[in-house]
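Trainee: Encoded as structure tokens, here's the structure I'll be asking about.
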Amino acid sequence: MSLNYRCPEFLVERVESNCIECQACERQCANEVHFYDQDFEKMRAKDENCVNCHRCVVICPTNAIGIRKHPSEYKENHNWTAGMINNIQKQAESGGVLLSGMGNPTKKKIYWDHLLLNASQVTNPSIDPLREPMELKTFLGRKPSKLEFDEEEQIKDLPPQLELSAPIMFGAMSFGSISINACKSLARAASEVGIIYNTGEGGLHEDLRQYGENTMVQVASGRFGVNQDYLEAGAGIEIKIGQGAKPGIGGHLPGEKVGPEVSKTRMIPEGTDALSPAPHHDIYSIEDLRQLIYALKEATDYQKPVSVKISAVHNSAAIASGIATAGADIITIDGYRGGTGAAPTMIRDNVGIPIELALAAVDDRLREEGLRNQVSLVVSGSVRNSADVVKAIALGADAVYIASAALISLGCHMCQSCYTGKCNWGIATQEPELVKRLNPEVGFERAKNLIEGWAHEIKEMLGGMGINALESLRGNRLMLRGIDLTDRELEILGVKLAGE
Amino acid sequence: MVNRQEKVLSGCAISGILNRKGKKFSGREIIDSIALMHDRSNGMGGGFAAYGIYPERKDEYAIHLFYDDLEAKNKVEKFLNCHFDISVGEVVPTREISSIEDSPLIWRYFSKPEEQKLSASGLEEDEYVAQCVMNINSDYQGAFVVSSGKNMGVFKGVGYPEEIGEFYKLEEYEAYLWTAHGRFPTNTPGWWGGAHPFTLLDWSIVHNGEISSYGANKRYLEMFGYKCSMMTDTEAITYLFDLMLRKHDLPLEVAVKAVAAPLWSEIERMEVEEQQLVKSIRQVYSSALLNGPFSIILGHQNGFIALNDRIKLRPLVVAEDEERIYVASEESAIREICADPDKVWSPRGGEAVIGLLEGRSEIE
Amino acid sequence: MKRIYAKEEYCLGCKLCEVYCVTSHSASKDIIKAHKLESITPRLIIESSDNLSFALQCRHCDEADCTRACITGAMQKDEETGVVNYDEERCVGCWTCIMACSFGVIRREQAGKKVIAKCDLCIEEEAPACVTNCPNDALVLAERAEEEGVQ
């Protein structure tokens, strides 16, 4: 059957008087939307192919292009929305699982936006970060609950720590899910700013080894690219149990993305699908997790902190407490808005819980059990700006991972079509002609600027609160007030209502 | 006890005098010193800590208590009788002062932990007492433990500090260490328990400033069983020192470096050994860092520590003469009682001034 | 001297260098008018084959064949700036330089007088228009020792 039942999502609008027919849009669109019509002697567009990635909009030298939501509308229906209907049409065509890229876009409450920060007035001077020192240095790793000295009154060494110049890290994104140029941009930015990036489950490309001190190497259920060298190459090791975008399921990098470089880095044959199982098949319990944590510590001579990453789910607090006692040095919790290269839409949009609530609950639980000092707490899953970072720290996190925001700094325009492999920004693709669109010289600078910009803003906000070291904000929920939240929500967040 | 808030904002005056030889002197001088800084208070609270005042009962815990009413007193006395062997329970003597009104019932009990209870608890004596004190403060409506140390006592209330001193007849007490506080809360509540000093066991603290890290400090302390029930940042400072010095048995300089940590830029310039120590302190006790403006005098039976926040956002002046060390918010408050000290200086932010009795090498 | 170099590994083949070259060499200096009302010959060429592409401009050779081949002496290398340029008044449009250039970067000017069109390094500007406007920093203006003395 030839008829496509779906309406085009977007409409390409071209200001004819501006178009100079340079065809840059055509050359830049991997989705083959734009084309030059010889007969009409002008540019035309196949709207139905457009994913609204804005590459043409940005590249057009005369600002002649605009992309709009397609004006054709379904009859208004708050229940059967256009998205719902389109999804059904897609599945009726394909018989497959609906796929999506990036994080959950649905209209659910964003708790960050219901939290407000404090500032000093009169009784307590605010501090000007331009004139006074303002410290964001953060250490991730297990700390003893008290400082200990040996017989000679020398201080005993602390367990290994990751040192960050700001409480921000680049979240796990594998080489394979993103391009080598995106990896290079983030790794170099992390190294120049003094933070950490995370390899994701993609192994470590030769070209990235030089950034080892700023690397968190990930060990996930597929164990791709994991060997002794790999474990030793990074500053820390992360066991990935789950991901906020798709809690409870594994990963799948299609064979067409497994080119020679990905194949070498992941240590799998070229062109084969890289399947990460839903669970680790050697971890069916918390005892098994403990074994893996200690196996990794043994393998690296107890020189690297081990992090365990889980997605935020209903009983995260209990799970986190188990992870802490199992020996993890860092717990990472990824909220339900977290991004991904590809996830089944139904799972992405319906499984897991908001990171803000999970964070508050986990921090509370770890404190109740006296475990909070033993583990660092890192959160992710849609930290969108520096204020979100500050709120996360005030709720109780030691640091955050940012991934979507990092990709946006590299050019991503959130078209959420990563799974097609045709990323016009050279980020979520392995096609050489697309990959080269992201010049890592440009990319690293942009990612670095983002972190530096956020760090400046965090300092301003801290100074406003009369705080000059980040640790005095950590878990300091008195610096937060809620608006438009129920008593129960406030209770879970451990925050008072604005005005109280 | 009404008007309790999460955190009471305040600005203030503080003063302290230690005779290093342990010679005792009456409360008159400290009243004169704090009175000079009248304008730094607003009549919402004043108080004094005195060390060495109960020599004949120096082995017993002197528990000073405020009661709103007899009902509270009866309940707490039942608790005390159950957990302590009380040798004396008496009203703390006061005199009528026209401006001091609505005072609570003020009692003190000289006591030792009840032996069977103590051994059943498996706790050290001090920890046992500390837990009993925190239980009374958090669980007994209308009762408040003002102080609980040995051979020391705290006398505080709502009013200007000089009036409080008169009220409690402090000129009749003799101590080798006195600290005082005049309060200027920027929020309304003036409740008797909310005046400084705050105490736990031998520790007493007077504090000028506001701790913007309070929320972080409080939740950290709660992990170690402290209940911040008095809703003030000053209480949290007391507990932080108690945690580090008594429970964690840290040297004083370590505790000081935790609460007023050197900046990372300073740490980078330190010698390797010191650098490693301070770096570890900042990592392990990051939640003990006190942020925001403060000057404090932490009193103890062995002496005192006076400390500013690390960027010195509150005043603190120190002076010495042959036998004594003086600390105060303002130099004038020292000169009022010691016109010509041998030495006067203003310590730098984060630099602790430690006054010890002769022969004592450590505070705890 | 500073020359324009292409990093072909980052060249998108978008040809915006050409668009901005034309604009920069137009009378109007207006991107739309330059393309719709004037017909300017780009001063660079874009080589591409499969996924490889890069922009190529006059190399401003130290010993430039074009200057030797020029029959009127219109094509000269400026001793001061190093730019190989031509004098429009003296150019007779014989195209000998086009034949002599081993890089093929000299073209016939489509508009106005029948003279040649070649890169002048936008010498009046801070940087050449193609370099400034390359969306992926695939063109750079740089001094590279190993390229000095290029023929």
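Trainee: Looking at segment B:308-323 only, could you name the residues that are within 14 Å of chain A (Cβ to nearest Cβ) and part of a strand (DSSP E or B)?
Mentor: B:Asn308
Trainee: Next question, about the same structure. Collect the residues in segment A:12-32 that are within 8 Å of chain C (Cβ to nearest Cβ) and either in contact (Cβ under 8 Å) with a residue 12 or more places away in the chain or out of contact with any strand residue (DSSP E or B) (no Cβ under 9 Å at 6 or more places or on another chain) (or both), keeping them in residue-number order.
Mentor: A:Ser17, A:Asn18, A:Ile20, A:Glu21, A:Cys22, A:Gln23, A:Ala24, A:Gln28, listed by residue number.
Matching residues to (1) acidic (Asp, Glu); (2) without any contact (Cβ under 8 Å) to a residue 40 or more places away in the chain:
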residue: C:Ser53; (1), (2): no, no
residue: C:Cys58; (1), (2): no, no
residue: C:Cys61; (1), (2): no, no
residue: C:Glu80; (1), (2): yes, yes
residue: C:Thr96; (1), (2): no, yes
residue: C:Gly112; (1), (2): no, yes
residue: C:Arg144; (1), (2): no, no
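Trainee: Next question. Filter segment B:286-307 down to the residues that are part of a loop (DSSP other than H, G, I, E, B) and open to solvent by less than 10 Å² (accessible area, probe 1.4 Å), then identify the one that is farthest from the other protein chains (Cβ to nearest Cβ). Spell out the reasoning first.
Mentor: Going through segment B:286-307, the residues part of a loop (DSSP other than H, G, I, E, B) turn out to be B:289-293, B:301-302.
Retained after the next criterion (residues that are open to solvent by less than 10 Å² (accessible area, probe 1.4 Å)): B:289-293.
Details: B:Leu289: 5, B:Leu290: 8, B:Asn291: 4, B:Gly292: 5, B:Pro293: 6 Å.
So, considering only residues that are part of a loop (DSSP other than H, G, I, E, B) and open to solvent by less than 10 Å² (accessible area, probe 1.4 Å), the one farthest from the other protein chains (Cβ to nearest Cβ) is B:Leu290.
Trainee: While we're here: Go through segment B:243-285 residue by residue and tally those that are under 22 Å from A:Leu140 (Cα atoms), assigned to a loop (DSSP other than H, G, I, E, B), facing another protein chain (nearest Cβ under 9 Å) and open to solvent by 10 Å² or more (accessible area, probe 1.4 Å).
Mentor: 1
Trainee: Still on this model: Go through the residues of segment A:245-259 one by one and say whether even a single one is out of contact with any helix residue (DSSP H, G or I) (no Cβ under 9 Å at 6 or more places or on another chain) and open to solvent by less than 10 Å² (accessible area, probe 1.4 Å).
Mentor: Yes, there is a match, as at least one residue in segment A:245-259 is out of contact with any helix residue (DSSP H, G or I) (no Cβ under 9 Å at 6 or more places or on another chain) and open to solvent by less than 10 Å² (accessible area, probe 1.4 Å).
Trainee: I'm trying to understand the selection: among the residues of segment B:320-341, which are surrounded by fewer than 20 Cβ atoms within 10 Å (Cβ to Cβ) and farther than 10 Å from B:Ser15 by Cβ?
Mentor: B:Glu320, B:Asp321, B:Glu322, B:Glu323, B:Glu331, B:Ser332, B:Arg335, B:Cys338, B:Ala339, B:Asp340, B:Pro341
Trainee: Out of all the residues in segment B:171-183, is one or more open to solvent by 10 Å² or more (accessible area, probe 1.4 Å) and under 20 Å from B:Pro104 (Cα atoms)?
Mentor: Checked segment B:171-183: no residue is open to solvent by 10 Å² or more (accessible area, probe 1.4 Å) and under 20 Å from B:Pro104 (Cα atoms).
Trainee: Going by the conditions given, is B:Phe144 in contact (Cβ under 8 Å) with a residue 60 or more places away in the chain, surrounded by fewer than 24 Cβ atoms within 10 Å (Cβ to Cβ) and either under 12 Å from the mean Cα position of the chain (by Cα) or in a strand (DSSP E or B) (or both)?
Mentor: Here the answer is yes, as B:Phe144 does meet what is asked.
Trainee: Mind listing just one residue for me: the one in segment A:428-460 that is among the aliphatic types (A, V, I, L, M) and not in a loop (DSSP other than H, G, I, E, B) and, of those, nearest to the other protein chains (Cβ to nearest Cβ)?
Mentor: Out of the qualifying residues, it is A:Val442.
Trainee: Residue by residue through segment B:70-89, note down the ones that are open to solvent by 50 Å² or more (accessible area, probe 1.4 Å) and touching a Phe, Trp or Tyr at 6+ places or on another chain (Cβ under 7 Å).
Mentor: B:Lys75, B:Ile86, B:Ser87
So that you can scan it fast, the table gives a plain yes or no per residue for (1) part of a loop (DSSP other than H, G, I, E, B); (2) farther than 19 Å from A:Tyr230 by Cα:
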residue: A:Ile249; (1), (2): yes, yes
residue: A:Glu256; (1), (2): no, yes
residue: A:Lys264; (1), (2): no, no
residue: A:Pro269; (1), (2): yes, no
residue: A:Thr272; (1), (2): yes, yes
residue: A:Ala278; (1), (2): yes, yes
residue: A:Asp288; (1), (2): no, yes
residue: A:Leu296; (1), (2): no, no
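Trainee: Quick one: would you say B:Lys227 is in contact with a Ser or Thr (Cβ under 7 Å, 6 or more places away or on another chain) and either within 14 Å of chain A (Cβ to nearest Cβ) or open to solvent by less than 10 Å² (accessible area, probe 1.4 Å) (or both)?
Mentor: So B:Lys227 passes the test.
Trainee: Now a separate question. Please work out which residue is surrounded by the fewest Cβ atoms within 10 Å (Cβ to Cβ), limiting yourself to segment A:485-497 and to residues that are part of a loop (DSSP other than H, G, I, E, B) and within 14 Å of another protein chain (Cβ to nearest Cβ).
Mentor: A:Gly494
Trainee: A further question on this structure: Suppose we filter A:Gly396, A:Gly482, A:Gly463, A:Gly475 for residues that are within 13 Å of chain B (Cβ to nearest Cβ) and surrounded by fewer than 24 Cβ atoms within 10 Å (Cβ to Cβ); which single one remains?
Mentor: A:Gly463
Trainee: For residues that are within 30 Å of C:Leu12 (Cβ to Cβ) and open to solvent by 90 Å² or more (accessible area, probe 1.4 Å), scanning just segment A:54-97, find the one that is nearest to the other protein chains (Cβ to nearest Cβ).
Mentor: Initial filter on segment A:54-97 (within 30 Å of C:Leu12 (Cβ to Cβ)): A:54-70.
Right, trim to open to solvent by 90 Å² or more (accessible area, probe 1.4 Å) and you get A:63, A:68-69.
Working: A:Asn63: 10, A:Arg68: 22, A:Lys69: 26 Å.
That would be A:Asn63.
Trainee: Where residues in segment A:394-453 are polar (S, T, N, Q) and within 30 Å of A:Leu116 (Cα to Cα), which of them is nearest to the chain's Cα centre (by Cα)?
Mentor: A:Ser404
Trainee: Still on this model: State whether the residues of segment A:99-116 include one that is hydrophobic (A, V, I, L, M, F, W, C), in contact with a strand residue (DSSP E or B) (Cβ under 7 Å, 6 or more places away or on another chain) and within 14 Å of chain C (Cβ to nearest Cβ).
Mentor: So far as segment A:99-116 goes, no, none of its residues is hydrophobic (A, V, I, L, M, F, W, C), in contact with a strand residue (DSSP E or B) (Cβ under 7 Å, 6 or more places away or on another chain) and within 14 Å of chain C (Cβ to nearest Cβ).
Trainee: Continuing with the same structure: What single numbered condition from (1) within 13 Å of chain A (Cβ to nearest Cβ); (2) in a helix (DSSP H, G or I) fails to hold for B:Glu235?
Mentor: (1)
Trainee: Looking at segment A:349-363, is at least one residue open to solvent by 20 Å² or more (accessible area, probe 1.4 Å), at pLDDT below 95 and in a loop (DSSP other than H, G, I, E, B)?
Mentor: no
Trainee: I'd like the residue in segment B:193-224 that is out of contact with any helix residue (DSSP H, G or I) (no Cβ under 7 Å at 6 or more places or on another chain) and under 24 Å from B:Ala328 (Cβ atoms) and, out of all such residues, is farthest from the other protein chains (Cβ to nearest Cβ).
Mentor: Just the residues of segment B:193-224 that are out of contact with any helix residue (DSSP H, G or I) (no Cβ under 7 Å at 6 or more places or on another chain), to begin with: B:193-195, B:197, B:202, B:204, B:206, B:208-209.
Next cut, under 24 Å from B:Ala328 (Cβ atoms) only: B:194-195, B:197, B:202, B:204, B:206, B:208-209.
On the way: B:Gly194: 15, B:Ala195: 17, B:Pro197: 20, B:Asp202: 21, B:Ser204: 23, B:Val206: 17, B:Asn208: 11, B:Gly209: 8 Å.
In this case the residue turns out to be B:Ser204.
Trainee: For a quick check of your reading: which strands (runs of 3 or more DSSP E) sit entirely within segment C:1-107 and have at least 1 residues that are surrounded by fewer than 20 Cβ atoms within 10 Å (Cβ to Cβ) and within 14 Å of chain A (Cβ to nearest Cβ)?
Mentor: By residue number, C:2-6, C:45-49, C:52-56.
Trainee: Just the residues that are hydroxyl-bearing (Ser, Thr, Tyr), under 23 Å from B:Glu71 (Cα atoms) and in contact with a helix residue (DSSP H, G or I) (Cβ under 9 Å, 6 or more places away or on another chain), please, taken from segment B:119-140.
Mentor: Selection gives B:Tyr140 alone.
The values are calculated or read from the model by the stated rules, or taken from the named source; none is laboratory data. The model shown is predicted, which means the values in this text are computed figures rather than measured ones. We place every Cβ from the backbone using ideal geometry, glycine too, and count neighbours over all the protein chains shown. Protein only, heavy atoms only, side chains kept; ligands, DNA and RNA dropped before computing areas. Shrake-Rupley method; radii C 1.70, N 1.55, O 1.52, S 1.80 Å.
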